[in-house]
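The values are calculated or read from the model by the stated rules, or taken from the named source; none is laboratory data. The structure displayed is predicted, hence computed values, not measured ones. With ideal geometry, Cβ positions are generated from the backbone for all residues, glycine too; neighbour counts draw on all protein chains shown. Protein only, heavy atoms only, side chains kept; ligands, DNA and RNA dropped before computing areas. Shrake-Rupley method; radii C 1.70, N 1.55, O 1.52, S 1.80 Å.
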Amino acid sequence: MAEESSTITTLSPPENSNSTHEVLATETETPKKTTDTDPPENSVTAAAQPEVTPEEHHPPKVTETETASTEKKETSQKEAAEEDKRIPQNLGSFKEESSKLSDLSISEKKSLDELKPLVREALDNHQLGSVTKPEEVTIWGVPLLKDDRSDVVLLKFLRARDFKVKDSLTMLKNTLKWRKDFKIDELVDEDLVDDLDKVVFMHGHDREGHPVCYNVYGEFQNKELYEKTFSDEEKRKHFLRTRIQFLERSIRKLDFSSGGVSTIFQINDMKNSPGLGKKELRSATKQAVELLQDNYPEFVFKQAFINVPWGYLVFYTVIPFMTPRSKSKLVFADPSRSAETLFKYISPEQVPVQYGGLSVDPCDCNPDFSLDDPASEVTVKPGTKQTVEIIIYEKCEIVWEIRVIGWEVSYKAEFVPEEKDAYMVVVQKPRKMKPADEPVLTQSFKVNELGKVLLTVDNPTSKKKKLVYRFNVKPL
(Lines give C-alpha, C1' and ligand atoms only; values in the text may rest on other atoms or scores of the structure.)
Protein backbone atom coordinates (compact mmCIF):
# COMPACT_ATOMS: atom_id res chain seq x y z
CA MET A 1 0.00 0.00 0.00
CA ALA A 2 1.28 3.45 -0.86
CA GLU A 3 2.27 5.90 1.83
CA GLU A 4 -0.79 7.58 3.27
CA SER A 5 -1.47 11.28 2.62
CA SER A 6 -4.63 13.29 3.25
CA THR A 7 -6.29 16.58 2.26
CA ILE A 8 -8.95 18.49 4.16
CA THR A 9 -12.00 20.02 2.39
CA THR A 10 -15.79 20.32 2.60
CA LEU A 11 -18.60 19.89 0.05
CA SER A 12 -22.34 20.48 -0.27
CA PRO A 13 -24.53 18.29 -2.47
CA PRO A 14 -25.95 20.13 -5.47
CA GLU A 15 -29.58 19.95 -6.38
CA ASN A 16 -30.70 16.91 -8.38
CA SER A 17 -27.43 15.06 -7.65
CA ASN A 18 -26.99 11.53 -6.37
CA SER A 19 -25.69 12.86 -3.07
CA THR A 20 -27.60 12.23 0.15
CA HIS A 21 -27.11 12.75 3.86
CA GLU A 22 -26.95 9.18 5.08
CA VAL A 23 -26.00 8.22 8.64
CA LEU A 24 -23.77 5.25 9.38
CA ALA A 25 -22.50 4.07 12.77
CA THR A 26 -18.77 4.36 13.28
CA GLU A 27 -16.86 1.64 15.07
CA THR A 28 -16.90 2.08 18.85
CA GLU A 29 -16.11 -0.06 21.89
CA THR A 30 -19.83 -0.56 22.53
CA PRO A 31 -21.79 -1.56 19.43
CA LYS A 32 -24.74 0.64 18.57
CA LYS A 33 -27.95 -0.21 16.82
CA THR A 34 -28.53 1.07 13.33
CA THR A 35 -31.83 1.57 11.64
CA ASP A 36 -32.99 2.15 8.10
CA THR A 37 -34.31 5.56 9.10
CA ASP A 38 -31.94 8.44 8.65
CA PRO A 39 -31.81 11.15 11.32
CA PRO A 40 -32.74 14.69 10.31
CA GLU A 41 -30.66 16.25 7.55
CA ASN A 42 -27.15 17.28 8.62
CA SER A 43 -27.87 16.03 12.17
CA VAL A 44 -25.20 14.21 14.15
CA THR A 45 -25.42 12.47 17.53
CA ALA A 46 -22.59 13.54 19.82
CA ALA A 47 -21.76 14.65 23.33
CA ALA A 48 -22.11 18.32 24.13
CA GLN A 49 -19.35 20.36 22.54
CA PRO A 50 -17.73 23.44 24.05
CA GLU A 51 -19.26 26.64 22.76
CA VAL A 52 -17.14 28.65 20.35
CA THR A 53 -17.83 32.35 20.28
CA PRO A 54 -17.74 34.27 16.97
CA GLU A 55 -14.56 36.02 18.13
CA GLU A 56 -12.77 32.66 18.37
CA HIS A 57 -12.81 31.82 14.66
CA HIS A 58 -10.54 28.86 13.89
CA PRO A 59 -9.93 28.13 10.19
CA PRO A 60 -10.03 24.49 9.07
CA LYS A 61 -6.86 22.43 8.67
CA VAL A 62 -6.29 20.53 5.42
CA THR A 63 -4.27 17.39 4.73
CA GLU A 64 -4.00 15.13 1.65
CA THR A 65 -3.63 11.34 1.84
CA GLU A 66 -2.79 8.74 -0.79
CA THR A 67 -3.68 5.04 -0.50
CA ALA A 68 -4.06 2.12 -2.90
CA SER A 69 -7.17 2.11 -5.11
CA THR A 70 -9.80 -0.49 -4.29
CA GLU A 71 -10.67 -0.80 -7.99
CA LYS A 72 -7.22 -0.81 -9.53
CA LYS A 73 -7.07 -1.99 -13.13
CA GLU A 74 -4.08 -3.55 -14.83
CA THR A 75 -2.15 -1.32 -17.21
CA SER A 76 -1.94 -2.69 -20.73
CA GLN A 77 1.16 -2.17 -22.85
CA LYS A 78 -0.89 -0.12 -25.29
CA GLU A 79 -2.17 2.18 -22.53
CA ALA A 80 1.33 2.59 -21.15
CA ALA A 81 2.63 3.52 -24.60
CA GLU A 82 -0.14 6.08 -25.04
CA GLU A 83 0.66 7.57 -21.63
CA ASP A 84 4.31 7.99 -22.61
CA LYS A 85 3.50 9.57 -25.99
CA ARG A 86 3.77 13.27 -25.36
CA ILE A 87 3.90 16.46 -27.33
CA PRO A 88 6.89 18.43 -25.95
CA GLN A 89 5.71 21.22 -23.68
CA ASN A 90 8.07 23.84 -25.07
CA LEU A 91 10.68 24.36 -27.75
CA GLY A 92 13.40 25.79 -25.51
CA SER A 93 14.03 27.65 -22.30
CA PHE A 94 12.93 31.25 -21.88
CA LYS A 95 13.06 33.70 -19.02
CA GLU A 96 11.26 36.96 -19.51
CA GLU A 97 13.55 39.97 -19.43
CA SER A 98 13.03 42.21 -16.45
CA SER A 99 11.16 45.46 -17.00
CA LYS A 100 13.03 46.99 -14.06
CA LEU A 101 15.31 49.68 -15.39
CA SER A 102 17.79 48.94 -12.59
CA ASP A 103 18.18 45.35 -13.92
CA LEU A 104 19.52 46.43 -17.32
CA SER A 105 23.02 45.35 -18.22
CA ILE A 106 25.64 48.00 -18.93
CA SER A 107 25.33 47.54 -22.70
CA GLU A 108 21.51 47.62 -22.58
CA LYS A 109 21.55 50.79 -20.49
CA LYS A 110 24.00 52.30 -22.96
CA SER A 111 21.66 51.53 -25.89
CA LEU A 112 18.68 53.07 -24.05
CA ASP A 113 20.71 56.20 -23.24
CA GLU A 114 21.70 56.48 -26.92
CA LEU A 115 18.14 56.02 -28.18
CA LYS A 116 16.48 58.64 -25.95
CA PRO A 117 18.24 61.74 -27.40
CA LEU A 118 17.53 60.44 -30.91
CA VAL A 119 13.84 60.18 -30.01
CA ARG A 120 13.97 63.69 -28.52
CA GLU A 121 15.49 65.04 -31.74
CA ALA A 122 12.85 63.28 -33.84
CA LEU A 123 10.11 64.72 -31.62
CA ASP A 124 11.48 68.25 -31.89
CA ASN A 125 11.66 67.91 -35.67
CA HIS A 126 8.08 66.58 -35.81
CA GLN A 127 9.24 63.28 -37.29
CA LEU A 128 7.14 61.20 -34.91
CA GLY A 129 3.78 62.85 -35.40
CA SER A 130 2.04 65.88 -36.83
CA VAL A 131 1.08 67.56 -33.55
CA THR A 132 2.49 70.94 -32.66
CA LYS A 133 3.76 69.99 -29.18
CA PRO A 134 6.24 67.09 -28.95
CA GLU A 135 4.97 66.19 -25.47
CA GLU A 136 1.60 65.33 -27.00
CA VAL A 137 3.05 62.31 -28.84
CA THR A 138 1.87 59.19 -27.03
CA ILE A 139 1.89 55.46 -27.70
CA TRP A 140 -0.40 53.01 -25.87
CA GLY A 141 -1.41 55.88 -23.62
CA VAL A 142 2.20 56.61 -22.59
CA PRO A 143 3.66 60.07 -23.43
CA LEU A 144 7.09 59.67 -25.02
CA LEU A 145 10.07 60.78 -22.88
CA LYS A 146 7.88 62.07 -20.04
CA ASP A 147 8.75 59.51 -17.33
CA ASP A 148 10.05 55.97 -16.68
CA ARG A 149 7.05 54.45 -18.48
CA SER A 150 8.50 55.82 -21.72
CA ASP A 151 11.78 53.99 -21.01
CA VAL A 152 9.87 50.70 -20.69
CA VAL A 153 8.19 51.39 -24.06
CA LEU A 154 11.52 52.18 -25.73
CA LEU A 155 13.00 48.99 -24.29
CA LYS A 156 10.39 46.98 -26.18
CA PHE A 157 11.61 48.43 -29.48
CA LEU A 158 15.26 47.91 -28.50
CA ARG A 159 14.68 44.26 -27.60
CA ALA A 160 12.73 43.67 -30.81
CA ARG A 161 15.81 44.85 -32.74
CA ASP A 162 18.49 43.22 -30.57
CA PHE A 163 19.40 46.59 -29.01
CA LYS A 164 20.49 48.05 -32.34
CA VAL A 165 19.72 51.70 -31.69
CA LYS A 166 19.21 52.94 -35.29
CA ASP A 167 17.04 49.95 -36.19
CA SER A 168 14.98 50.49 -33.03
CA LEU A 169 14.45 54.18 -33.88
CA THR A 170 13.35 53.24 -37.41
CA MET A 171 10.86 50.72 -36.03
CA LEU A 172 9.48 53.32 -33.62
CA LYS A 173 9.04 55.86 -36.42
CA ASN A 174 7.29 53.32 -38.64
CA THR A 175 5.00 52.24 -35.83
CA LEU A 176 3.96 55.80 -34.99
CA LYS A 177 3.33 56.51 -38.67
CA TRP A 178 1.19 53.36 -38.99
CA ARG A 179 -0.76 54.30 -35.85
CA LYS A 180 -1.48 57.74 -37.32
CA ASP A 181 -2.55 56.30 -40.69
CA PHE A 182 -4.71 53.64 -39.04
CA LYS A 183 -6.15 56.26 -36.64
CA ILE A 184 -5.52 54.05 -33.63
CA ASP A 185 -6.45 56.62 -30.98
CA GLU A 186 -9.85 57.14 -32.59
CA LEU A 187 -10.29 53.39 -33.10
CA VAL A 188 -9.91 52.70 -29.37
CA ASP A 189 -13.05 54.72 -28.61
CA GLU A 190 -15.15 53.47 -31.53
CA ASP A 191 -18.23 51.34 -30.89
CA LEU A 192 -17.48 48.42 -33.19
CA VAL A 193 -19.89 45.51 -33.39
CA ASP A 194 -18.77 41.90 -33.78
CA ASP A 195 -19.77 38.40 -32.70
CA LEU A 196 -16.34 37.31 -31.58
CA ASP A 197 -16.74 37.41 -27.78
CA LYS A 198 -16.20 33.64 -27.66
CA VAL A 199 -13.36 33.72 -30.17
CA VAL A 200 -11.02 36.13 -28.36
CA PHE A 201 -11.37 37.13 -24.71
CA MET A 202 -9.33 38.09 -21.65
CA HIS A 203 -9.78 36.01 -18.50
CA GLY A 204 -7.77 36.11 -15.27
CA HIS A 205 -4.03 36.29 -14.71
CA ASP A 206 -1.16 33.82 -14.66
CA ARG A 207 0.92 33.03 -11.57
CA GLU A 208 3.19 36.01 -12.27
CA GLY A 209 0.39 38.52 -12.82
CA HIS A 210 0.28 38.57 -16.62
CA PRO A 211 -3.26 39.02 -17.99
CA VAL A 212 -4.34 35.99 -20.03
CA CYS A 213 -5.85 36.20 -23.51
CA TYR A 214 -7.66 33.19 -25.03
CA ASN A 215 -7.97 32.64 -28.80
CA VAL A 216 -10.52 29.93 -29.62
CA TYR A 217 -10.11 29.03 -33.28
CA GLY A 218 -12.64 26.20 -33.17
CA GLU A 219 -15.44 28.77 -33.04
CA PHE A 220 -14.83 29.37 -36.74
CA GLN A 221 -16.22 25.90 -37.50
CA ASN A 222 -19.52 27.74 -37.31
CA LYS A 223 -20.10 28.42 -41.02
CA GLU A 224 -22.36 31.39 -40.38
CA LEU A 225 -19.75 33.06 -38.14
CA TYR A 226 -16.97 32.26 -40.60
CA GLU A 227 -18.86 33.76 -43.55
CA LYS A 228 -19.84 36.79 -41.51
CA THR A 229 -16.20 37.38 -40.60
CA PHE A 230 -14.12 36.44 -43.65
CA SER A 231 -16.31 36.12 -46.76
CA ASP A 232 -15.13 39.34 -48.45
CA GLU A 233 -12.39 41.94 -48.21
CA GLU A 234 -14.56 44.46 -46.36
CA LYS A 235 -15.46 41.94 -43.66
CA ARG A 236 -11.82 40.91 -43.27
CA LYS A 237 -10.87 44.58 -42.79
CA HIS A 238 -13.55 44.90 -40.12
CA PHE A 239 -12.22 41.77 -38.43
CA LEU A 240 -8.74 43.26 -38.38
CA ARG A 241 -10.00 46.54 -36.91
CA THR A 242 -11.92 44.78 -34.14
CA ARG A 243 -8.87 42.67 -33.22
CA ILE A 244 -6.58 45.73 -33.12
CA GLN A 245 -9.11 47.59 -31.00
CA PHE A 246 -9.30 44.63 -28.60
CA LEU A 247 -5.50 44.48 -28.38
CA GLU A 248 -5.12 48.24 -27.87
CA ARG A 249 -7.67 48.29 -25.06
CA SER A 250 -5.94 45.33 -23.41
CA ILE A 251 -2.49 46.90 -23.69
CA ARG A 252 -3.65 50.16 -22.11
CA LYS A 253 -4.52 48.21 -18.96
CA LEU A 254 -0.93 47.02 -18.59
CA ASP A 255 1.57 48.52 -16.16
CA PHE A 256 4.38 50.33 -17.99
CA SER A 257 6.11 51.46 -14.81
CA SER A 258 9.58 50.09 -14.06
CA GLY A 259 9.13 46.50 -12.86
CA GLY A 260 5.44 46.40 -13.83
CA VAL A 261 3.68 43.70 -15.86
CA SER A 262 3.66 44.94 -19.46
CA THR A 263 3.21 41.67 -21.38
CA ILE A 264 0.31 39.28 -22.05
CA PHE A 265 0.03 35.50 -21.78
CA GLN A 266 -1.54 34.23 -25.03
CA ILE A 267 -3.41 30.91 -25.12
CA ASN A 268 -4.42 29.45 -28.49
CA ASP A 269 -7.02 26.68 -28.40
CA MET A 270 -6.55 24.54 -31.51
CA LYS A 271 -9.48 22.18 -30.84
CA ASN A 272 -11.59 21.83 -34.01
CA SER A 273 -9.56 24.60 -35.62
CA PRO A 274 -10.35 24.91 -39.35
CA GLY A 275 -6.62 25.33 -39.91
CA LEU A 276 -4.86 27.45 -42.50
CA GLY A 277 -6.35 25.48 -45.40
CA LYS A 278 -9.13 28.06 -45.67
CA LYS A 279 -7.70 30.85 -47.80
CA GLU A 280 -9.82 33.62 -46.24
CA LEU A 281 -8.66 32.73 -42.74
CA ARG A 282 -5.09 32.30 -43.95
CA SER A 283 -5.12 35.74 -45.58
CA ALA A 284 -6.58 37.48 -42.51
CA THR A 285 -4.15 35.67 -40.19
CA LYS A 286 -1.13 36.55 -42.31
CA GLN A 287 -2.08 40.24 -42.37
CA ALA A 288 -2.72 40.31 -38.62
CA VAL A 289 0.59 38.59 -37.80
CA GLU A 290 2.55 41.02 -39.95
CA LEU A 291 0.92 44.03 -38.28
CA LEU A 292 1.58 42.64 -34.81
CA GLN A 293 5.22 41.86 -35.56
CA ASP A 294 5.86 45.31 -37.00
CA ASN A 295 3.89 47.46 -34.54
CA TYR A 296 3.47 45.64 -31.22
CA PRO A 297 6.97 44.57 -30.13
CA GLU A 298 7.55 42.44 -27.04
CA PHE A 299 3.98 42.26 -25.76
CA VAL A 300 3.75 38.47 -25.59
CA PHE A 301 5.11 36.83 -22.45
CA LYS A 302 4.34 33.32 -23.69
CA GLN A 303 2.33 31.68 -26.49
CA ALA A 304 0.63 28.49 -25.33
CA PHE A 305 -1.02 26.21 -27.90
CA ILE A 306 -3.42 23.71 -26.32
CA ASN A 307 -5.45 20.82 -27.76
CA VAL A 308 -2.79 20.64 -30.44
CA PRO A 309 -2.83 18.03 -33.24
CA TRP A 310 0.62 16.53 -33.87
CA GLY A 311 0.93 18.17 -37.28
CA TYR A 312 0.94 21.65 -35.78
CA LEU A 313 3.99 20.85 -33.66
CA VAL A 314 5.92 19.61 -36.71
CA PHE A 315 4.98 22.81 -38.54
CA TYR A 316 6.28 25.11 -35.81
CA THR A 317 9.53 23.20 -35.23
CA VAL A 318 10.62 23.52 -38.87
CA ILE A 319 9.80 27.21 -39.44
CA PRO A 320 13.16 28.56 -40.66
CA PHE A 321 12.64 32.25 -39.90
CA MET A 322 11.77 31.87 -36.21
CA THR A 323 14.64 32.78 -33.90
CA PRO A 324 15.52 30.47 -30.98
CA ARG A 325 14.30 33.20 -28.63
CA SER A 326 10.91 33.36 -30.37
CA LYS A 327 10.59 29.58 -30.36
CA SER A 328 11.40 29.46 -26.66
CA LYS A 329 8.23 31.44 -25.92
CA LEU A 330 6.06 28.73 -27.49
CA VAL A 331 4.40 26.04 -25.37
CA PHE A 332 2.48 23.08 -26.81
CA ALA A 333 0.09 20.55 -25.26
CA ASP A 334 -2.07 17.84 -26.78
CA PRO A 335 -5.66 17.43 -25.52
CA SER A 336 -4.67 15.00 -22.75
CA ARG A 337 -2.12 17.43 -21.29
CA SER A 338 -3.75 20.82 -21.91
CA ALA A 339 -5.11 21.43 -18.39
CA GLU A 340 -1.95 20.14 -16.74
CA THR A 341 0.16 22.42 -18.93
CA LEU A 342 -1.97 25.48 -18.18
CA PHE A 343 -1.73 24.81 -14.44
CA LYS A 344 2.07 25.14 -14.70
CA TYR A 345 1.57 28.82 -15.47
CA ILE A 346 -1.96 29.66 -14.25
CA SER A 347 -3.63 28.75 -10.95
CA PRO A 348 -6.76 26.54 -11.36
CA GLU A 349 -9.10 29.20 -9.94
CA GLN A 350 -8.00 31.52 -12.77
CA VAL A 351 -8.50 28.95 -15.54
CA PRO A 352 -11.96 28.77 -17.21
CA VAL A 353 -14.01 25.64 -16.54
CA GLN A 354 -13.84 24.58 -20.20
CA TYR A 355 -10.05 24.36 -19.91
CA GLY A 356 -9.91 22.32 -16.71
CA GLY A 357 -10.14 25.08 -14.10
CA LEU A 358 -12.81 26.34 -11.73
CA SER A 359 -13.45 29.84 -13.07
CA VAL A 360 -16.84 30.49 -14.65
CA ASP A 361 -17.65 33.12 -17.24
CA PRO A 362 -18.14 36.56 -15.62
CA CYS A 363 -21.66 36.55 -17.05
CA ASP A 364 -22.50 33.41 -15.07
CA CYS A 365 -23.29 33.55 -11.39
CA ASN A 366 -21.17 31.79 -8.78
CA PRO A 367 -22.21 33.20 -5.38
CA ASP A 368 -19.86 30.90 -3.45
CA PHE A 369 -16.50 31.51 -5.16
CA SER A 370 -14.59 34.11 -7.15
CA LEU A 371 -11.21 34.46 -8.89
CA ASP A 372 -9.79 35.51 -5.52
CA ASP A 373 -10.61 32.17 -3.83
CA PRO A 374 -7.50 29.99 -4.27
CA ALA A 375 -7.74 26.36 -5.35
CA SER A 376 -5.45 23.41 -4.62
CA GLU A 377 -4.38 20.75 -7.08
CA VAL A 378 -3.33 17.19 -6.38
CA THR A 379 -2.05 14.48 -8.72
CA VAL A 380 -3.91 11.20 -8.18
CA LYS A 381 -1.54 8.48 -9.31
CA PRO A 382 -2.79 5.45 -11.26
CA GLY A 383 -4.37 2.82 -9.06
CA THR A 384 -4.46 5.02 -5.95
CA LYS A 385 -7.03 6.70 -3.78
CA GLN A 386 -6.64 10.33 -2.68
CA THR A 387 -8.41 11.69 0.39
CA VAL A 388 -8.69 15.38 1.19
CA GLU A 389 -9.30 15.81 4.90
CA ILE A 390 -10.66 19.07 6.24
CA ILE A 391 -10.64 19.34 10.01
CA ILE A 392 -13.36 21.64 11.34
CA TYR A 393 -12.81 23.45 14.64
CA GLU A 394 -16.11 25.35 14.88
CA LYS A 395 -19.76 25.21 13.91
CA CYS A 396 -20.03 26.42 10.32
CA GLU A 397 -21.31 25.82 6.85
CA ILE A 398 -18.64 24.57 4.52
CA VAL A 399 -18.96 24.88 0.72
CA TRP A 400 -16.56 23.24 -1.70
CA GLU A 401 -15.93 22.77 -5.39
CA ILE A 402 -14.19 19.69 -6.68
CA ARG A 403 -13.28 18.28 -10.07
CA VAL A 404 -11.01 15.67 -11.58
CA ILE A 405 -9.95 16.43 -15.14
CA GLY A 406 -11.68 13.88 -17.37
CA TRP A 407 -13.15 12.14 -14.25
CA GLU A 408 -13.17 8.28 -14.80
CA VAL A 409 -12.90 8.01 -11.02
CA SER A 410 -15.12 7.25 -8.05
CA TYR A 411 -15.89 10.11 -5.66
CA LYS A 412 -17.45 10.25 -2.19
CA ALA A 413 -17.75 12.78 0.66
CA GLU A 414 -18.21 12.13 4.37
CA PHE A 415 -18.28 13.98 7.68
CA VAL A 416 -16.64 12.23 10.62
CA PRO A 417 -17.45 13.74 14.06
CA GLU A 418 -14.69 14.13 16.62
CA GLU A 419 -16.68 12.19 19.22
CA LYS A 420 -15.91 8.47 19.02
CA ASP A 421 -19.47 7.34 19.72
CA ALA A 422 -21.06 9.70 17.18
CA TYR A 423 -22.44 8.86 13.76
CA MET A 424 -20.56 9.39 10.52
CA VAL A 425 -22.57 11.32 7.94
CA VAL A 426 -22.40 10.35 4.28
CA VAL A 427 -22.63 13.60 2.34
CA GLN A 428 -22.08 11.96 -1.04
CA LYS A 429 -22.42 8.23 -1.64
CA PRO A 430 -19.63 6.72 -3.78
CA ARG A 431 -20.37 7.88 -7.30
CA LYS A 432 -18.61 6.79 -10.46
CA MET A 433 -17.88 9.95 -12.38
CA LYS A 434 -17.74 9.73 -16.16
CA PRO A 435 -16.08 12.14 -18.62
CA ALA A 436 -19.53 13.33 -19.75
CA ASP A 437 -20.61 14.25 -16.19
CA GLU A 438 -20.68 17.85 -15.01
CA PRO A 439 -17.08 19.16 -14.92
CA VAL A 440 -17.33 20.68 -11.43
CA LEU A 441 -19.28 19.52 -8.38
CA THR A 442 -20.31 22.16 -5.85
CA GLN A 443 -21.48 20.85 -2.49
CA SER A 444 -22.00 22.12 1.06
CA PHE A 445 -22.54 20.80 4.58
CA LYS A 446 -23.65 22.38 7.87
CA VAL A 447 -21.27 21.36 10.63
CA ASN A 448 -22.98 21.37 14.05
CA GLU A 449 -20.16 19.66 15.94
CA LEU A 450 -16.39 19.41 15.66
CA GLY A 451 -15.05 16.86 13.22
CA LYS A 452 -13.64 16.52 9.74
CA VAL A 453 -14.88 16.38 6.15
CA LEU A 454 -13.34 13.69 3.96
CA LEU A 455 -13.35 14.01 0.16
CA THR A 456 -12.14 10.81 -1.45
CA VAL A 457 -11.23 10.20 -5.09
CA ASP A 458 -10.50 6.63 -6.19
CA ASN A 459 -8.54 6.37 -9.44
CA PRO A 460 -8.71 2.78 -10.77
CA THR A 461 -7.30 3.71 -14.20
CA SER A 462 -3.77 3.38 -15.53
CA LYS A 463 -3.46 7.14 -16.01
CA LYS A 464 -2.63 9.80 -13.46
CA LYS A 465 -5.44 12.26 -12.79
CA LYS A 466 -5.45 15.90 -11.74
CA LEU A 467 -7.71 16.67 -8.75
CA VAL A 468 -8.65 20.33 -8.19
CA TYR A 469 -10.62 21.62 -5.22
CA ARG A 470 -11.29 24.64 -3.01
CA PHE A 471 -13.59 25.46 -0.12
CA ASN A 472 -15.05 28.32 1.87
CA VAL A 473 -16.24 28.32 5.47
CA LYS A 474 -19.07 30.45 6.85
CA PRO A 475 -19.28 30.38 10.70
CA LEU A 476 -22.80 29.76 12.00
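A few points about this structure:
- Residue pairs whose Cβ atoms lie under 7 Å apart, separated by 6 or more positions or on different chains, with the first residue in the range 427-443 and within 18 Å of Gly356 (Cα to Cα) and the second aromatic (Phe, Trp, Tyr) and open to solvent by less than 30 Å² (accessible area, probe 1.4 Å), are Met433/Trp407; Met433/Tyr411; Lys434/Trp407; Pro435/Trp407; Asp437/Trp407.
- Taking the criterion of being part of a helix (DSSP H, G or I) and acidic (Asp, Glu), the residues of the range 128-185 that qualify are Glu135, Glu136, Asp148, Asp151, Asp167, Asp181, Asp185.
- Count - residues of the range 287-307 that are under 28 Å from Ser336 (Cα atoms) and in contact with a helix residue (DSSP H, G or I) (Cβ under 6 Å, 6 or more places away or on another chain): 2
- Yes/no for Leu176 being under 21 Å from Arg325 (Cα atoms), open to solvent by less than 20 Å² (accessible area, probe 1.4 Å) and more than 27 Å from the chain's Cα centre (by Cα): no
- For the range 368-393, filtered to residues that are of a type in the set (D, E, K, R) and in contact with a strand residue (DSSP E or B) (Cβ under 6 Å, 6 or more places away or on another chain), the residue that is most open to solvent (accessible area, probe 1.4 Å) is Glu377.
- Per-region count, the range 180-198, residues under 14 Å from Tyr355 (Cα atoms) and either in contact (Cβ under 8 Å) with a residue 24 or more places away in the chain or out of contact with any strand residue (DSSP E or B) (no Cβ under 7 Å at 6 or more places or on another chain) (or both): 0
- Taking the numbered list (1) touching a residue at least 24 places away in the same chain (Cβ under 8 Å); (2) farther than 17 Å from Glu64 by Cβ; (3) part of a loop (DSSP other than H, G, I, E, B) in turn, Asp372 passes all entries but (1).
- Matching residues in the range 207-227 - criterion: being at pLDDT below 95 and either within 20 Å of Ile139 (Cα to Cα) or in contact with a helix residue (DSSP H, G or I) (Cβ under 7 Å, 6 or more places away or on another chain) (or both): Glu219, Phe220, Leu225, Tyr226
- Taking the listed residues Ser258, Ser273, Ser250, the one that is in contact (Cβ under 8 Å) with a residue 40 or more places away in the chain, in contact with a helix residue (DSSP H, G or I) (Cβ under 6 Å, 6 or more places away or on another chain) and open to solvent by less than 40 Å² (accessible area, probe 1.4 Å) is Ser273, with no other qualifying.
- Screening the candidates Lys432, Lys385, Lys412 for the property of being in contact with a Pro (Cβ under 6 Å, 6 or more places away or on another chain) and either among the charged types (D, E, K, R) or part of a strand (DSSP E or B) (or both) yields one hit, Lys412.
- Of all residues in the range 408-462, those being in contact with a helix residue (DSSP H, G or I) (Cβ under 9 Å, 6 or more places away or on another chain), among the small types (Gly, Ala, Ser) and open to solvent by 50 Å² or more (accessible area, probe 1.4 Å) number 0.
- Residue match in the range 237-245 (condition: buried (at least 16 other Cβ atoms within 10 Å of the Cβ), of a type outside the set (Val, Ile, Thr) and under 17 Å from Met270 (Cα atoms)): no
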